[in-house]
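Notes follow once the structure below has been shown.
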């Protein structure tokens, strides 16, 4: 995602050799973004604790409805975010592949 003309030119100047210090900021940015996305998707995708609480709670229907709403909300938001990210990655990959063949 962080490749630009400067990056491609730097690789060309280095004759394909890997320059770790030049790539380090890009690696760090990728790490931060992927960690944030992973944490968000784990929070929305893993809801077994809510299901266990729902199954073990026999006291009030109000709490059960609230837990069921939370589970449904997490599932809906998870799928919306997943499909938006997939659409973005599809467009990005298509653009990258269209430009990459010219380099």
CD proxy, 222 nm, the chain: helix-only mean residue ellipticity via -39,500 (n - 2.57) per DSSP H run with n ≥ 4, per residue, nearest 500, stands at -28500 deg cm²/dmol
Just to confirm the number: angle between the C-alpha axis of helix 20-45 and the first principal axis of the chain, 0 to 90 degrees, nearest 10? 20 degrees
Does anyone have the angle between helix 61-100 and the longest principal axis of the chain? Alpha-carbon axes, 0 to 90°, nearest 10? 10 degrees
Is segment 1-42 best put as rounded, prolate or oblate by its Cα gyration tensor, with a ≥ b ≥ c the root eigenvalues, rounded for a/c under 1.5, and otherwise prolate when a/b is larger than b/c, oblate when not? prolate
Everything considered on the Cα gyration tensor (a ≥ b ≥ c; rounded for a/c under 1.5, else prolate if a/b is larger than b/c, else oblate), segment 50-99 must be described as prolate
How long is the gain from residue 22 to residue 57 if the chain were fully straight, where each residue apart is worth 0.36 nm and the alpha carbon distance is subtracted? 7.1 nm
Taking Rh as the Kirkwood radius computed over C-alpha pairs, what is the Stokes-Einstein D of the chain at 4 °C in a medium of viscosity 1.567 mPa s, expressed in µm² per second? 74 µm²/s
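Read-outs: derived from the displayed coordinates by stated rules, not from any lab. Computed from a predicted structure; not experimentally measured.
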